[in-house]
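Let me begin by presenting the structure, written as structure tokens, before commenting on it.
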Amino acid sequence: MVAGGGSGGNHNTTNGNGGGGGGGVIYKKSFAVAPGAMPVTVGAGGASIAFQAVSRGNNGGNSVFGALTALGGGGGGTTGLGANAFDGGSGGGGAAVNGAFGGGKSIQTDGYWNSGGRSYVGWTGGGGGGAGSAGNAVTIAPNSPPDADGGRGL
């Protein structure tokens, strides 16, 4: 079961916004299902941010199957508000503003998830976490491009 992914942060005049985190994943080889109705919810992806808006990304929706809940991915941070990414199934990537901004944390407790990557002022935003690996942090080594890829899926 996979939850919806978060959307990236937005600031229309600068770069360095964080990527959205992937939805949490729950995988079970077997799961007892009793006869009768069982709640099922398919989590939607986080809504995009309007072009002129300055906002952190939106979290993805949770997916539910009976007693299992996969948490939606965290929205990415924004440079416009100096705001960190949201926590989620996998955390969103940090925004490149006001020093080293951390990525969102994973708050999923069952299954697969990872945190988003952090960023640094003046660079690109951090990558959102995926179920298979954490989002990459921005590197600031001389003469090397920032590496802010999102985490691997699963």
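The values are calculated or read from the model by the stated rules, or taken from the named source; none is laboratory data. None of these values were measured; they are calculated from a predicted model. Because the Cβ atoms are built from the backbone with ideal geometry, glycine has one as well, and the counts that use them run over all protein chains shown. Accessible surface areas use protein heavy atoms only, side chains included; no ligands, DNA or RNA. Shrake-Rupley method; radii C 1.70, N 1.55, O 1.52, S 1.80 Å.
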* When the stretch 7-26 is examined, which residues are found to be open to solvent by 20 Å² or more (accessible area, probe 1.4 Å) and in contact with a strand residue (DSSP E or B) (Cβ under 7 Å, 6 or more places away or on another chain)? -> Asn10, His11, Asn17
* Tell me, yes or no, whether the stretch 77-88 has at least one residue that is aliphatic (A, V, I, L, M), buried (at least 24 other Cβ atoms within 10 Å of the Cβ), modelled with pLDDT under 90 and part of a loop (DSSP other than H, G, I, E, B). => yes
* Mind checking whether some residue in the stretch 120-127 is open to solvent by 20 Å² or more (accessible area, probe 1.4 Å) and under 17 Å from Ala3 (Cβ atoms)? -> no
* Failed criterion for Ser30 (all others in (1) without any contact (Cβ under 8 Å) to a residue 12 or more places away in the chain; (2) open to solvent by less than 80 Å² (accessible area, probe 1.4 Å); (3) small (Gly, Ala, Ser) hold) -> (2)
* For the stretch 107-114, does any single residue satisfy the condition of being modelled with pLDDT of 80 or more and of a type in the set (A, V, I, L, M)? -> yes
* Selection count, the stretch 58-76, where residues are under 15 Å from the mean Cα position of the chain (by Cα) and modelled with pLDDT under 90 -> 1
* Asked: Do you know which residues across the stretch 33-45 are more than 11 Å from Leu68 (Cα to Cα) and loosely packed, with under 10 Cβ neighbours inside 10 Å?
  -> Val33, Ala34, Pro35, Gly36, Ala37
* To do: Being open to solvent by 30 Å² or more (accessible area, probe 1.4 Å) and assigned to a loop (DSSP other than H, G, I, E, B) is the filter; apply it to the stretch 56-70 and report the residue that is farthest from Gly128 (Cα to Cα).
  => Ala67
